[in-house]
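Step one of this worksheet: look at the structure below.
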Amino acid sequence: MATTALPGHNYLQDDASTVGAWFKSWFLTVDHKRIALLYLLSINVFFLLGGLAATVIRVELITPQGDLLSADLYNRAFTLHGIIMVFFFLIPGTPAVLGNFLVPLMIGARDMAFPRLNLFSWYLYMAGGLFALTAAIFGGVDTGWTFYTPFSSTYANSNVILTIAGAFIMGFSSIATGVNFIVTIHTMRAPGMTWFRLPLFIWSSYATSLIIVLATPVVGITLLLVAIERIWGVGIFDPALGGDPLLFQHLFWFYSHPAVYIMILPGFGVISELIAAFSRKRVFGYEFIAFSSMAIALLGFLVWGHHMFVSGQSVYAGLVFSFLTMLVAIPSAIKIFNWTATLYKGSISYRTPMLYALGFMGLFVIGGLTGIFLGIVAIDIHVTDTYFVVAHFHYVMVGGAIMAYLGGIHYWWPKMTGRMYSEVWGGISALIIFVGFNMTFFPQFVVGYLGMPRRYHVYPEEFQVLHVLSSAGATILAIGFIIPIIYLTLSLWTGKEAGNNPWDATGLEWQVSSPPPTHNFLEIPVVTTEAYAYAPDAAEQDAANWRPGSPL
Amino acid sequence: MRDFPLFPEQASTFAGPVDALYWTLVGLSLIFGGVLPFIILYLMVRYHRSQKADRTNQVHSSLPLELTWTVIPLVLVLAVFFWGAFLYIEIRNPPDRSLEIYVIGKQWMWHVQHPNGKRENNELHVPIGQPVRLVMTSQDVIHSFYIPAFRVKQDVLPGRYTTMWFEATEPGEYHLFCAEYCGTEHSLMVGRVVAMRMADYERWLTTPGEIILPDGSTGGAVASPLVGAIGDPMVLAGSQLFATGLGCASCHRNDGLGIGPNLEGIYGTEVRLDNGELVFADENYLRESILNPAAKVATGYANVMPTYDGQVSEDQMNQLLAYLKSLGAADAE
Ligand code: HEM
Ligand SMILES: [Cu+2]
Ligand SMILES: [Cu+2]
């Protein structure tokens, strides 16, 4: 298969002699690294499906009339897009792929605390996904990913129950992963791996897991209540049955605001790793970055009401939620400043993962700042439920979470597969994504402030120019996402051997071979240094050794 | 393509202040979002591995620095928070003597009734220079009443009233959107807001039009002389419901001798309940008292009022409210 043999005995190799044994060795594996690969493949398939729905939406919006799709189909398209991207790509994405692969390796453990639970969580994820896809194929859902009542519970006549079941099951997959991370990080650290020697990726995974475990049950119960009202007509959310429609929004956002941090916190962790490795120095303000993750996890639970400023909540509630939302922006700002300070006096190289990290910083700043706009009620009244909000959350979720995910995939690709990808194509596609992304979503801020509501299939003519611009950008963005799939796949056969530590980075994962042996560490390492223990003159040395022709 | 605006029209008293705050935020964002990338770019180039630069004496943390970049953003966001908070309080508190117009949302249209009884669908005519307060409810799912040129938006909920106010400043026609996703034809639940000078508005108001009820049926046209003669048809319709249609008056007498309390002047006052609590008698309280009287029982009275749930349409409820409020208004003068 490979042009050159990969070193030693590693987790990708099979002793399986029959096809059945091979299947078993993958689909019943309890190796966290193989489970990570199962997730990588399935999550990327979902990402492509979600992308397909997005393409359909953007094509429809090129003209102000509804010419490509009927209103019902359009509503199903954006609902499918939202549900796949949120529940089946962003929430599991970084934790289940990179987290599964890296948490044991980074803390010096041989596997997760509960390897079988880990495998089970993947099966739950797939089961949830199958439910959602079945619902989509047999008629679709038209409630939006937010399932607002009483529309979802009484009025919608699409496959609400099936979809809710999918999200519900997928929630258990998240919880299983979260519990596993928490226990693993608490109990399985190698000797000497104290809390303040943990890589920042572990801190952020830990914070993420706390949110997952505390918040996911709430949305599970909420979705169940929607199903109960829908099936048996028990009055919970529909006022016609004696229920309260706002109760749903409170419960839903009590989970879904923290859920936006489930999406971005692991990304913060990835960025810290990337910036340290490609500046060749310790992350500036390690403790502040670590604690800001915890602060976000905590404060994130107190701001759900900022999604409900115009819902009919009282002025007092609006003011309190607005105030707390202002506070939650500060820990994110602290991270950005510390990463910037890390660059100072570093020896920076523009390898592909670093390009993604830099792109992340630029885009996340815009996403976070517009979050402040939305947190100020007087502004939010005008822009909520318009394309301004759509642009905001794409800047944080695509510009933030996905850029970090892609950066992480590129950074650890040599470790996962043992091979290097094409650096040239890596750089090109990172650039295409950055340009395409801004062209797609920046016009949406403008059209949103003009008043273009979201989830509109037909719209007034004067918004067309901005929509066309956005759709053109989306084409570029799509190309940018497809290129990496091609060169990463090709690298499996043609890539150079990576060696243990192609980036010359610190961290236990870089001390084992690439790909790592099945049990990670032949001997459990003893940790004596802090994370990012680059020599004081590492940056100096790196720059001194640079010759024209070395990688940029 | 007629035109290609980049910024929305300003047509209400809120538009200016909201935009001022918005541009201030854009300005502050440029300091962070515009300058920070250049700092990053500078560091990227200055400390690129191919560059000779001083890389000795690295620092890995600095409390003063951390405090600086925590406190400065904190002060700034708090400043904009307070600015926004005062504006928000203003946006949510209608002045007394606002013109009240009733709005009913349903899949997928807006129905509007003016105090004199004039009805319109998917259009809202308002006078300029006069605060207008919309009392809104939905017959089915959640909708949201959004007028971008006025910078106002408010969700419209089934089973309760939400209110919103504005004062239009420029005559003209503006977009009216439903901003909360409400099913198949959400994007067609749009219309126009027509802001006109007071005299024009009054002329429009007394021009008979076809009456389209929220259930889609058409009533006859209101003869304009009648409007002048009887004063206020919404109040009139409400008073008829109260007196005979629904039989409220048999218990609620204005001499205070009925089984139920005298409802004159009740709107906008505080009512004491039998559990000692004080509640503010706004639209939502009156609505609940009619549809679900047992939920909150006025002190000194027996819980004997029958529920009218299912017997009063949203339209009739609005008329009852208009009538009950007019009792208060008469009192105050
Ligand atoms: C920097 C801190 C942030 C602040 C202050 C902030 C603020 C807000 C506010 C106030 C809203 C409500 C807007 C509205 O519905 O009218 C909102 C919406 C949203 N935000 Fe953020 N945000 C921040 C970061 C993030 C992050 C990191 C993510 C995800 C990775 C995110 C994802 C979202 C999403 C998905 C919505 C829209 C949900 C929907 O209605 O479908 N935000 N944000
Ligand atoms: Cu939020
Ligand atoms: Cu709508």
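List of remarks:
- Whichever residue in the stretch A:236-269 is away from ligand 1 (no atom under 16 Å from the Cβ) and open to solvent by 10 Å² or more (accessible area, probe 1.4 Å) and, among such residues, is farthest from B:Arg160 (Cα to Cα): A:Ile236
- Screening A:Ser158 with (1) out of contact with any Gly (no Cβ under 7 Å at 6 or more places or on another chain); (2) of a type in the set (S, T, N, Q); (3) away from ligand 1 (no atom under 16 Å from the Cβ); (4) open to solvent by less than 40 Å² (accessible area, probe 1.4 Å) gives one miss only, at (1).
- Candidate set: the stretch A:355-380, residues that are away from ligand 1 (no atom under 13 Å from the Cβ), more than 9 Å from chain B (Cβ to nearest Cβ) and over 15 Å from the mean Cα position of the chain (by Cα); chosen: the one most open to solvent (accessible area, probe 1.4 Å): A:Leu355
- Residue that is modelled with the highest pLDDT, among those in the stretch A:16-44 that are of a type in the set (Phe, Trp, Tyr) and open to solvent by 30 Å² or more (accessible area, probe 1.4 Å): A:Phe27
- Yes/no for A:Trp232 being within 16 Å of ligand 2 (Cβ to nearest atom), open to solvent by 10 Å² or more (accessible area, probe 1.4 Å) and among the aromatic types (Phe, Trp, Tyr): no
- Selection count, the stretch B:114-148, where residues are open to solvent by 10 Å² or more (accessible area, probe 1.4 Å) and either under 13 Å from B:Ala179 (Cβ atoms) or not in a loop (DSSP other than H, G, I, E, B) (or both): 7
- The residue that is surrounded by the fewest Cβ atoms within 10 Å (Cβ to Cβ), among those in the stretch B:177-197 that are more than 7 Å from chain A (Cβ to nearest Cβ) and closer than 13 Å to B:Trp108 by Cα, is B:Gly191.
- Residues located in the stretch A:153-175, provided they are more than 29 Å from A:Ser209 (Cβ to Cβ) and either within 14 Å of chain B (Cβ to nearest Cβ) or in contact with a Pro (Cβ under 9 Å, 6 or more places away or on another chain) (or both): A:Ser153, A:Thr154, A:Tyr155, A:Ala156, A:Asn157, A:Ser158, A:Val160
- When residues in the stretch A:288-318 are screened for being among the hydroxyl-bearing types (Ser, Thr, Tyr), more than 21 Å from B:Ser138 (Cβ to Cβ) and open to solvent by 50 Å² or more (accessible area, probe 1.4 Å), 1 of them pass.
- The helices (runs of 4 or more DSSP H) located wholly in the stretch A:38-128 that include 2 or more residues which are under 30 Å from B:Cys182 (Cα atoms) and more than 23 Å from the chain's Cα centre (by Cα) occupy A:71-83.
- Of all the numbered requirements in (1) at pLDDT below 95; (2) crowded, with 24+ Cβ neighbours inside 10 Å; (3) of a type outside the set (Ser, Thr, Tyr), B:Asp200 misses one, and that requirement is (2).
- Considering (1) assigned to a helix (DSSP H, G or I); (2) within 10 Å of chain B (Cβ to nearest Cβ), the lone condition that A:Gly300 does not fulfil carries the number (2).
- For A:Gly448: the one exception among (1) within 14 Å of another protein chain (Cβ to nearest Cβ); (2) out of contact with any Ser or Thr (no Cβ under 7 Å at 6 or more places or on another chain): (2)
- Restricting the stretch A:319-333 to residues that are open to solvent by 20 Å² or more (accessible area, probe 1.4 Å), in contact (Cβ under 8 Å) with a residue 24 or more places away in the chain and at the interface with another protein chain (Cβ under 7 Å from one of its Cβ atoms), the residue that is nearest to B:Ile39 (Cα to Cα): A:Ala333
- Test: residue in the stretch A:281-290 that is β-branched (Val, Ile, Thr), more than 14 Å from ligand 1 (Cβ to nearest atom) and at the interface with chain B (Cβ under 9 Å from one of its Cβ atoms): yes
- Test result for B:Ile101, within 30 Å of B:Leu25 (Cα to Cα) and either under 16 Å from the mean Cα position of the chain (by Cα) or of a type in the set (Lys, Arg) (or both): no
- Per-region count, the stretch A:299-332, residues within 16 Å of ligand 3 (Cβ to nearest atom) and small (Gly, Ala, Ser): 2
- In the stretch A:383-500, counting only helices (runs of 4 or more DSSP H) that sit wholly within it, the ones holding 2 or more residues that are within 24 Å of A:Val59 (Cα to Cα) span A:387-396, A:423-450, A:464-494.
- Taken over the stretch A:69-93, the criterion of being within 17 Å of A:Ala474 (Cα to Cα) and more than 14 Å from chain B (Cβ to nearest Cβ) is satisfied by A:Met85 alone.
- The lone criterion from (1) in contact with a helix residue (DSSP H, G or I) (Cβ under 7 Å, 6 or more places away or on another chain); (2) more than 7 Å from chain A (Cβ to nearest Cβ); (3) surrounded by 23 or more Cβ atoms within 10 Å (Cβ to Cβ) left unmet by B:Lys153 is number (2).
The values are calculated or read from the model by the stated rules, or taken from the named source; none is laboratory data. Model, not experiment: these values are computed from the prediction. So basically every Cβ, Gly included, is an ideal-geometry build from the backbone, and we count neighbours across all protein chains shown. Just the protein is used for accessible areas: all its heavy atoms, side chains included, with ligands, DNA and RNA removed. Shrake-Rupley method; radii C 1.70, N 1.55, O 1.52, S 1.80 Å.
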